[in-house]
Amino acid sequence: SGMLGDPGDLAKLLQSRGFTLIANAFSSVDSFFTLSGFLVSFLLLKQLTKKGLLSIPQWTAFYVHRYVRLTTPYLVMILFEGFLYRHLVSGPFSVDIDVGTNHATCKQYWWTNLLYINNLVPWNPTGQNCLGQSWYLANDMQFFILAPAFIVLLFAYPLIGNLVTTVTISCSAIAAAIITAHYNLAPSMSLGNPLNYTKVYRVPWTRISPYLVGILGGWFYWRWGEQVQEKVKTLPVWKKVVIATPLWLATAAVEYEVVFGLYHEIQDHFIHGKATSKTDSISYQMLARIGWSLALITQVLLCQFGLGGFINSILSWKGWLVLSRLTYSVYLIHFGLIVILVDQTRHTFFVKPDFEFAVIYLGIVVMSYLAAVVLYVCVEQPVALLEGITYRK
């Protein structure tokens with residue numbers, strides 16, 4: 001509240017249903033996990049179809065390729081953000097710069113980032129790690145390492161593969177429910193208890209379900225994609241509309257409920273100081289990630305099958321390709337820019353009529369992409385080219 005000109009304005013902002021998009025935006029991370037699982041599954045299944053089961057050198061290359069591509073720019077940002085940021089900032093909040101940039105953690109535990117175990121080590125109540133957003137990379141790499149076990153099963157023994165993957169998704173959901181009940185956690189990280197982050201939000205056993213849903217989606221598209229696409233091409237437009245519209249409405253309703261379903265709980269927490277019931281918290285933690293990822297993967301398949309309509313046209317715009325090449329660098333850079341902004345802020349924020357926050361948001365986006373160009377051109381792309389040459393050999 002020390003950074004707000006009038007904390008009462010924040011209360012008014014929280015009453016806006018639209019603000020729930022920010023307060024409960026955590027499902028966006030599940031989108032990345034789902035899409036990552038989908039791509040890994042589909043591409044590996046295509047490779048298995050062409051080459052059969054891979055040899056040990058091929059599997060080694062499979063993992064080394066991923067590690068090198070991700071780790072080199074990641075290491076640069078660990079060095080920069082973990083050890084240099086604190087020398088670049090001065091201001092009334094810069095006394096907290098070691099906390100803000102996790103300098104002490106980077107100094108002691110940088111190696112956990114390079115091993116992609118920083119979501120588990122160090123295990124502490126605050127969940128502090130070097131590069132605050134890097135817990136996602138640790139989870140994604142851990143899921144990537146495990147993915148072939150599920151994908152090979154789906155390739156060789158589809159029935160068993162589907163059963164094992166579905167059971168694992170269920171176990172992950174049950175684990176989230178048990179942990180939520182045991183620690184009396186809220187349904188979302190935005191509703192208080194810091195243990196939500198360390199016990200549920202960042203650990204692989206509760207976050208893997210969207211990734212596995214993506215793997216199943218990739219398998220389904222690999223197995224049935226061409227047949228469904230050919231069938232859809234023969235349908236008249238009105239039949240496509242009749243088939244697609246209910247599916248789009250249903251999946252959109254699920255996604256709306258996952259995000260905005262906590263609107264009243266957010267109001268109760270921030271304005272009235274009331275906690276969400278234990279039953280509601282358990283149900284949400286258990287089902288929200290699965291529901292979101294199932295809805296999203298259905299929408300992805302609809303687009304791939306030719307039932308995406310104008311949504312698919314927007315998402316398929318070639319202009320996105322330019323920005324997509326910078327997204328990993330933007331991901332690595334943006335959080336540090338936010339930390340610098342906050343730690344050197346010399347004035348209070350006024351969140352009414354939200355104009356100042358909008359300007360700050362757009363500024364961070366633009367600066368992140370500009371900085372990402374430098375990281376991409378100087379580090380990510382050269383390493384990718386060199387690694388690509390080695391990988392082909």
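The values are calculated or read from the model by the stated rules, or taken from the named source; none is laboratory data. Keep in mind the model is a prediction, meaning the values are calculated, not measured. Heads up, the Cβs are rebuilt from the backbone with ideal geometry, glycines too, and the neighbour counts pull from every protein chain shown. Surface accessibility is based on the protein's heavy atoms, side chains included, excluding ligands, DNA and RNA. Shrake-Rupley method; radii C 1.70, N 1.55, O 1.52, S 1.80 Å.
Calculated FRET efficiency, His87 and Val241, Cβ-Cβ r, R0 45 Å, to nearest 0.05?
The pair His87/Val241 has a calculated efficiency of 0.15.
From largest accessible area down, sort Met367, Met286, Met141; use a 1.4 Å probe on the protein chains.
If we order Met367, Met286, Met141 from most to least accessible, we get Met367, Met286, Met141.
At 1.4 Å probe size, what's the solvent-accessible area of Cys303? Round to the nearest 10 Å².
20
Please give the solvent-accessible surface of Leu146 in Å², to the nearest 10, using a probe radius of 1.4 Å with every protein chain present.
Accessible area, nearest 10 Å²: 90 Å².
Below 8 Å between Cα atoms, with a sequence gap of 6+, how large is the relative contact order for the chain in percent?
29 percent.
Just to be sure I understand, if you calculate semi-axes √(5λ) of the Cα gyration tensor in Å for this structure, which of (i) 56, 22, 17; (ii) 35, 28, 22; (iii) 38, 24, 19 do you get?
Answer by label: (ii).
Leaving out ligands, DNA and RNA, what percent of the accessible area of the chain is carbon and sulfur, probe 1.4 Å? Write out the running numbers ahead of the final one.
Numbers: 14460 of 20420 Å².
Ligands and nucleic acids excluded, carbon and sulfur reach 71 percent.
Taking the dipole about the Cα centre of the chain, with the C-beta of Lys and Arg at +1 and of Asp and Glu at -1, give me whichever of Leu88, Val365, Tyr263 is farthest to the positive side.
Value computed over the given set: Val365.
Which whole-number percent is the relative contact order of the range 236-309 (Cα, under 8 Å, 6+ apart)? Walk me through the numbers on the way to the answer.
On the way: 30 pairs, mean separation 33.3, N = 74.
Once divided by the residue count of the range 236-309, the mean separation gives 45 percent.
Give me the distance between the Cα centres of the range 199-214 and the range 276-300, rounded to whole Å.
What the calculation gives is 12 Å, centre to centre.
Among Cys171, Cys106, Ser188, which residue has its Cα positioned farthest towards the positive end of the charge dipole of the chain, with +1 placed on the Cβ of Lys and Arg, -1 on the Cβ of Asp and Glu, and the dipole taken about the Cα centre?
Cys171
Could you state the number of Å between the C-alpha centres of the range 119-196 and the range 36-85?
19
Stick to the Cα atoms of the range 35-80, pair each with every other, and give me the Kirkwood hydrodynamic radius in Å at one decimal.
After inverting the pairwise mean of 1/r, the radius is 12.2 Å.
Which of the helices in the chain, when you take each full DSSP H run, stretch at least 18 Å along the axis at their Cα atoms and have an average Kyte-Doolittle score of 1.6 or higher? Intermediate values should be presented prior to the final figure.
Working: long enough: 27-51 (36 Å, 0.72); 56-83 (38 Å, 0.55); 135-156 (32 Å, 1.56); 158-183 (37 Å, 1.37); 204-233 (40 Å, -0.38); 237-260 (33 Å, 1.10); 278-304 (39 Å, 0.59); 327-343 (24 Å, 1.71); 355-375 (30 Å, 2.24).
Flagged H segments are 327-343, 355-375.
Any of Lys107/Lys278; Lys46/Lys318; Lys46/Lys107; Lys107/Lys318 with alpha carbons more than 32 Å apart? Name them for me.
Flagged as over cut-off: Lys107/Lys278; Lys46/Lys107; Lys107/Lys318.
Could you order peptides 376-388, 232-244 by the average number of other Cβ atoms within 10 Å of their residues, highest first?
Ranked from most to least packed, the peptides come out as 376-388, 232-244.
With +1 on the Cβ of every Lys and Arg and -1 on the Cβ of every Asp and Glu, and nothing else charged, how large is the dipole of the chain about its Cα centre, in debye rounded to the nearest 20?
Taking the Cα centre of the chain as origin, the dipole is about 1220 debye.
Of Ser277, Gly336, Thr251, which is farthest towards the positive pole of the range 247-393's charge dipole, taken about the Cα centre with +1 and -1 on the beta-carbons of Lys, Arg and Asp, Glu respectively?
Most positive-ward Cα: Gly336.
What ranking of Arg346, Arg69 comes out by heavy-atom accessible area, probe 1.4 Å, highest first?
Numbers: Arg346 160, Arg69 95 Å².
The residues order as Arg346, Arg69, largest area first.
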